[in-house]
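What follows is a short report on a single structure.
Since every read-out is calculated from the coordinates, none of them should be taken as a lab result. This is a predicted model, so every value here is computed, not measured. Every residue, glycine as well, gets a Cβ built from its backbone with ideal geometry; the counts of neighbours run over all protein chains shown.
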Amino acid sequence: MATPLRVLIHGGGIGGLTLATALARHGHTVEVAELRDELDALGVGIIQPSNALHVMREIGVLDDCLKAGFEWEVLTIADPAGNTLAEIPQPRMGDAPSNNGIPRPALAQVLGAAATSAGATIRFGTTITELSDDGEGVDVVLSDGSAGRWDLVVGFDGIGSPLRTRLYGDRYVPEYTGFANWRVTMPRQEQVRGVVMGTAGQAAKALLTPITDELMYLGAVFAESEDFRPDAEKAHEQLKERLAMFSGPVAEALAAVTGPEAVVYSRISQVTVEEPWHVGRVVLAGDAAHASTPHIAQGAAMAVEDALVLAESLEADADVAAALDTWEARRRPRAMWVQAMSRAVLKQETGGETTPEEDELLKVGIPGAAHVLVQPY
Ligand SMILES: Cc1cc2nc3c(=O)[nH]c(=O)nc-3n(C[C@H](O)[C@H](O)[C@H](O)COP(=O)(O)OP(=O)(O)OC[C@H]3O[C@@H](n4cnc5c(N)ncnc54)[C@H](O)[C@@H]3O)c2cc1C
């Protein structure tokens with residue numbers, strides 16, 4: 001094992017907790033400073049594709065994820081009435097399962113428990129207030145008044161990353177794509193045993209995703225002005241208007257949504273840090289470095305891959321700077337590919353003008369992307 005390091009992770013989301021687990025299992029001293037007061041997450045679901053499940057196996061939580069979620073293998077494309085147009089089996093990475101839908105709060109619980117039992121400490125309601133890197137270590141003051149010196153500070157603090165602003169000023173700010181995602185969690189329909197993508201061409205697309213035996217979520221993306229917010233009293237009616245061209249399972253699912261409170265609305269933004277992702281001994285990873293649109297459901301998968309490869313790189317090279325270079329050389333091309341593919345699919349689905357490079361990516365498409373991403377990285 002490499003010399004044990006003292007690592008502070010800023011952000012205890014999907015990537016941060018995965019890194020905490022991977023590093024603590026290697027014997028490093030790990031603390032996570034998480035702004036929220038407890039381990040919760042937006043009450044919707046998320047898809048863990050096979051490459052993410054491969055990481056979950058590596059950090060020892062695959063079975064817990066599968067137990068808390070709904071494992072599936074076939075992507076179904078359907079017309080607006082729900083008639084099946086195609087059934088596309090999804091690939092596996094090695095012998096990892098193909099896909100798992102899981103409620104985000106359940107995933108947070110699984111990862112938090114894994115990090116803690118591996119020996120990491122999570123400090124809730126805490127953030128970095130002061131940071132100074134002298135090349136040999138990083139002195140940090142946290143908002144709870146504690147201070148410490150760390151060999152490495154990792155910013156897994158999400159798309160709005162305060163650490164990114166600290167490192168790069170306002171050179172990289174999230175850019176709104178002009179589109180937003182509407183999601184509603186609801187009882188799972190018996191026939192929804194994998195993602196069912198109902199498509200009305202460029203007018204709309206609605207996804208039904210199983211996340212437990214009992215639950216699924218309906219997700220749909222629409223062009224929305226940046227300042228639009230759903231009406232607090234009738235968000236469910238606004239979603240129904242947008243999906244009015246659907247009958248069959250989507251309409252049936254929507255009919256069960258009788259109030260606005262279940263509707264979760266998220267604007268879709270993206271950001272890329274073009275400069276190196278580390279400045280001295282402070283490094284950015286996951287959405288903080290490279291947030292994508294969710295069009296191929298790979299953002300969190302990239303975050304957990306970032307985490308695993310960072311732990312591997314620190315294990316392989318005792319020199320932190322060299323390990324960070326190796327890590328970024330492995331991660332940047334793949335994360336950038338996912339970002340470019342996600343953006344190309346967004347444009348394709350919404351009738352946006354694509355570049356020649358995006359046209360090439362679209363020849364690969366969503367099913368092809370899944371095959372690319374189960375290759376070793
Ligand atoms: C609509 C939508 C659907 C998506 N669906 C999928 C999907 O199906 N599959 C998939 O793989 N990806 C999906 N994604 C992408 C995925 O959610 C993100 O890529 C993933 O959560 C990034 O992980 P992260 O750890 O980098 O950041 P996050 O999970 O965002 O975690 C960041 C953490 O940092 C904390 N934090 C923030 N500021 C501070 C601070 N100042 N101090 C301390 N802590 C702080 C936050 O509280 C949070 O816990 C989707 C995204 C969207 C918007």
| note | Once both label points are put 7 Å beyond Cα along the C-beta direction, the GLU233-GLU214 separation in nm becomes 3.2 nm
| query | Given H placed on each backbone N at 1.01 Å, which residues far from ILE211 in sequence or on other chains put an amide H within less than 5 Å of it? | reply | MET216, TYR217
| What ranking, highest mean first, results for peptides 47-56, 206-215 when packing means the other Cβ atoms within 10 Å averaged over each residue? | 47-56, 206-215
| request: Largest first and in whole Å, give the semi-axes of segment 99-257's equivalent ellipsoid, each being the square root of 5 times a Cα gyration tensor eigenvalue. | output: 41, 22, 13
| query | Given the Cα-Cα distance of TYR168 and GLN375 and 0.36 nm per residue of separation, how much length would full extension add, in nm? | reply | 71.3 nm
| task | Run down the lysines and flag those whose C-alpha is under 28 Å from the C-alpha of LYS363, throwing out any fewer than 8 positions away in its chain. | result | LYS205, LYS347
| said: From the Cα trace of segment 268-367, what convex hull volume per residue do you get, rounded to a whole Å³? | reply: 101 Å³
| message | Loop-only GluC sites (Glu not before Pro) in segment 1-73, please: DSSP not H, G, I, E or B, and at most 12 other Cβ atoms within 10 Å. | response | GLU38
| Could you give me the ³J(HN,Hα) list for segment 245-256, computed from phi with Karplus coefficients 6.51, -1.76, 1.60 and θ = phi - 60°, whole Hz, x at Gly and Pro? | 6, 8, 10, x, x, 5, 5, 4, 5, 5, 4, 7
| request: Taking the convex hull of the Cα atoms, report for segment 224-328 its projected area averaged over all directions, in nm². | output: 9.6 nm²
| Value of D in µm² per second that Stokes-Einstein yields for segment 1-89, Kirkwood Rh from Cα pairs, at 37 °C (0.692 mPa s) | 206 µm²/s
| Karplus-derived 3J(HN,Hα), 6.51/-1.76/1.60, for each residue of segment 7-17, Hz, glycine and proline x | 10, 9, 10, 9, x, x, x, 5, x, x, 6
| Taking Cα centroids, how far is segment 125-147 from segment 176-214 in Å? | 42 Å
| said: Can you tell me what share of the DSSP beta bridges in the chain is antiparallel? A percent to the nearest 5 is fine. | reply: 70 percent
| remark: Any residue on another chain or 5+ positions along whose placed amide H is under 5 Å from the amide H of GLN48 is listed here as ASN100, GLY101, ILE102
| request: Starting from the amide H of ILE122, placed 1.01 Å from N in the peptide plane, find each other amide H under 5 Å away whose residue is 5 or more places distant or on another chain. | output: VAL32
| field | Pairwise label distance in nanometres, GLU226 with ALA81, each label 7 Å out on the Cα-Cβ vector | value | 4.3 nm
| task | Return the calculated 222 nm mean residue ellipticity for the chain, to the nearest 500 deg cm²/dmol, obtained by summing -39500 (n - 2.57) across DSSP H runs with n ≥ 4 and dividing by the residue count. | result | -11500 deg cm²/dmol
| request: Would you mind ranking LYS347, LYS363 by Cβ crowding within 10 Å, fewest neighbours first? | output: LYS363, LYS347
